[in-house]
Amino acid sequence: MLEVKDLGVALTMGGQSVPVLSGVSFVLDRGHSVGLVGESGSGKSMTALAIMGLLPPGARVSGRIVLDGRDLLALPEREMCAVRGRRIGMVFQEPMTALNPLQPIGAQVAEPLRVHFSVTRGQANARAKRLLERVGLGKISPHRYPHQLSGGQRQRVVIAAALACEPDFLVADEPTTALDVTVQAQILALLAELAAETGMGLLLITHDLGVVSQTVADVLVMYAGRVVERGPTAGVFGAMAHPYTHALFAARPSESGGRPVAIAGQVPDPLYRPPGCAFAPRCARVRDVCATMPPLIGVGAHACACFNPRIAA
Amino acid sequence: MLGYLLRRLTILLATLLAASLVVFVVLQALPGDPAALILGTGAREDTLAALRHQLGLDAPLWWRYATWIGGLSVGDLGTSFTYHVPVAELVRQRVLVSLPLAAFAIALSTLIAIPVGVAAAARRGGAVDTGVMGVAQIGVALPNFWLGLLLILLFAIRLPWLPASGFPGWDAGAWAGFRALILPAVALALPQAAILARVTRAAVIDTLGEDFVRTARAKGLTRRAALWRHAVPNALIPVVTLIGLQFSFLLAGTVIIENVFTLPGLGRLVFQAIAQRDLIVVQDLVVLLAGSVIIVNFIVDLVAAWIDPRLRRVGA
Ligand SMILES: Nc1ncnc2c1ncn2[C@@H]1O[C@H](COP(=O)(O)OP(=O)(O)OP(=O)(O)O)[C@@H](O)[C@H]1O
Ligand SMILES: [Mg+2]
């Protein structure tokens, strides 16, 4: 079980400590899937990097990230290296740059095996070949280089490498954002399929609500470094409460050809967040009370941080 | 691969031909009398005529160019006017000093600069980085003749370990020859290493910020393993390119250090040939040095393609 408890991250910018993430909590079980949605800058990647222990230098983390009883934030770097790639795999947003251009793809898929297990080169390569087949690259030689592959193929290589050691959890940070729409669907289907097959827990990060609704069991909607709404995916989509979730839903690109309605305004810079609800300046339902921080409360698993939620859809 | 090599060879020959034509035109075909240039003003007309005949200047221009190039192509570089020996022999002796010296200096510089540059990049902003880059800054600014003199004072005079100057020739034994090259090589290598270390540091800092380094860390590689296996190899192209440039420079651009250590190298030969207006030697050396620069570039390209698969062209 991977449990994120009251996670906070502050980055040092220009000598100043700026909070970019606060009070993020969720639980991810094996065989389970959680989606993290929100606009650009809402802190999704920071959450992922905090879990991986790969935050930029100068970042200060608070809260706990507990993996099977051990707090990852308290682990010495050596032991954290044994967690990365072995217990938790990660897939990144940019397949074009996530692979080393100088190494053949087979070697890059085999690398985590050689790091975490004492296997021979031959064994690692044989397994890498099987992994490449599993992600649908059976026809592509492991001796190929990343620049000889398309974006979707590269993302498949990254996924194969992340899965090489059969991790218990996979963090996928916008794995399809950089890809063509048709390829996006294929990659998502592949991830869902692999998760079901291996029983690993999947943390899927995206800014696309449509993606979330089809792929994950639980969803967290993030805005300006906080969770503003969360719950079972069906529940959240069946009865959206937070005005931001509504806005995000209206802004999603839809297959039916309906026009997405862009959310007016921008995510506030972490340096200049308003006190209270960070969405207030962009919110049509804003009230005086919104100048104070709304708590995340709700009935059962479905919770929302808003003083004036819009219940009727 | 064969097609690629042939293409490169054609380019090499064409460039050499162009270089030879330019230097020939500048030295021999432009208005002005090479004989007068050599003998200086106030030379008597009959002396000038005799010299012109000796230099073959009474033949037509195209014929002079053709015989020079024809000779070059079979290794006959002509005869030096000042030394009265075949230029080929002159060059051979000098290359036997300059080539090992340049190779030695470049090896030394590379061995120092790459680990230092990588270490500084890995601890960017830390004490090691600041210290190393401070020393490198000084190293870049040091004139190498001063460094040469300092080395002679320290390791030849104060501590009589190494010869202060001169070159005994390889006939005196490999070790004796090597000993004579140690101090000049160090004097040449240190300033080059300072530049190379800075370039290495900058290149590694760039690649450390690349996504694939983060991917490597996410696979469980330690910071150190990600640095050496992913960041450093990707930083090597600019480093190798600079090493090639430095090597080309060291082959003949070292007249100052050759003078400080009284070494009979190519740099001094170039310098003397120009000073004494030994036209044929100047012409030959320009073409040879152009050739060596092109060959070094070619080797750099091969190494770069070996490092980076994206640089291997189709069919190469
Ligand atoms: N290296 C960094 N240094 C300083 N600030 C950063 C850095 N990376 C991100 N931030 C800031 O942290 C906040 C959260 O960023 P994060 O990358 O987590 O957003 P995100 O939700 O992943 O967005 P995106 O959809 O663009 O990936 C943003 O305001 C961003 O400006
Ligand atoms: Mg992100």
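Please work out if residue B:124 is closer than 30 Å to residue A:83 by Cα, open to solvent by 40 Å² or more (accessible area, probe 1.4 Å), in contact (Cβ under 8 Å) with a residue 12 or more places away in the chain and within 14 Å of another protein chain (Cβ to nearest Cβ).
So residue B:124 passes the test.
Listed by first and then second residue, the pairs linking a residue in the stretch A:35-46 that is on the phi > 0 side of the Ramachandran plot to a residue that is more than 10 Å from ligand 2 (Cβ to nearest atom) and among the small types (Gly, Ala, Ser), with Cβ atoms under 8 Å apart and 6 or more places separating them unless they lie on different chains, are A:41/A:224; A:43/A:224; A:43/A:225. Please verify whether the stretch A:265-275 includes one or more residues that are under 16 Å from residue A:36 (Cβ atoms) and open to solvent by 40 Å² or more (accessible area, probe 1.4 Å). Scanning the stretch A:265-275, I find no residue that is under 16 Å from residue A:36 (Cβ atoms) and open to solvent by 40 Å² or more (accessible area, probe 1.4 Å), so the answer is no. The set of residues from the stretch B:135-190 being open to solvent by less than 70 Å² (accessible area, probe 1.4 Å) and β-branched (Val, Ile, Thr) comprises B:140, B:152, B:182, B:186. Across the stretch A:193-247, the number of residues qualifying as within 16 Å of ligand 2 (Cβ to nearest atom) and assigned to a loop (DSSP other than H, G, I, E, B) comes to 4. Looking across the stretch A:1-17, the residues that are surrounded by fewer than 13 Cβ atoms within 10 Å (Cβ to Cβ) and either in contact with a helix residue (DSSP H, G or I) (Cβ under 7 Å, 6 or more places away or on another chain) or assigned to a strand (DSSP E or B) (or both) come down to A:6, A:16, A:17. Residues that are aromatic (Phe, Trp, Tyr), over 23 Å from residue B:254 (Cβ atoms) and either more than 14 Å from chain A (Cβ to nearest Cβ) or open to solvent by less than 50 Å² (accessible area, probe 1.4 Å) (or both) within the stretch B:272-310 are absent altogether. For the stretch A:96-111, the candidate set comprises residues that are within 7 Å of chain B (Cβ to nearest Cβ) and under 24 Å from residue A:180 (Cα atoms); within that set, the residue that is nearest to the chain's Cα centre (by Cα) is A:98. Of all positions in the stretch A:71-82, at least one carries a residue that is among the basic types (Lys, Arg), at the interface with another protein chain (Cβ under 9 Å from one of its Cβ atoms) and away from ligand 2 (no atom under 16 Å from the Cβ). Within the stretch B:248-264, the set of residues being crowded, with 23+ Cβ neighbours inside 10 Å, at pLDDT 90 or above and within 8 Å of the chain's Cα centre (by Cα) comprises just one member, B:250.
The values are calculated or read from the model by the stated rules, or taken from the named source; none is laboratory data. Everything numeric in this text was worked out from a predicted model, so none of it was measured. All Cβ positions, even for glycine, are placed from backbone atoms using ideal geometry, and neighbour counts span all protein chains on display. Ligands, DNA and RNA are excluded from the accessible area calculation, which covers all protein heavy atoms including side chains. Shrake-Rupley method; radii C 1.70, N 1.55, O 1.52, S 1.80 Å.
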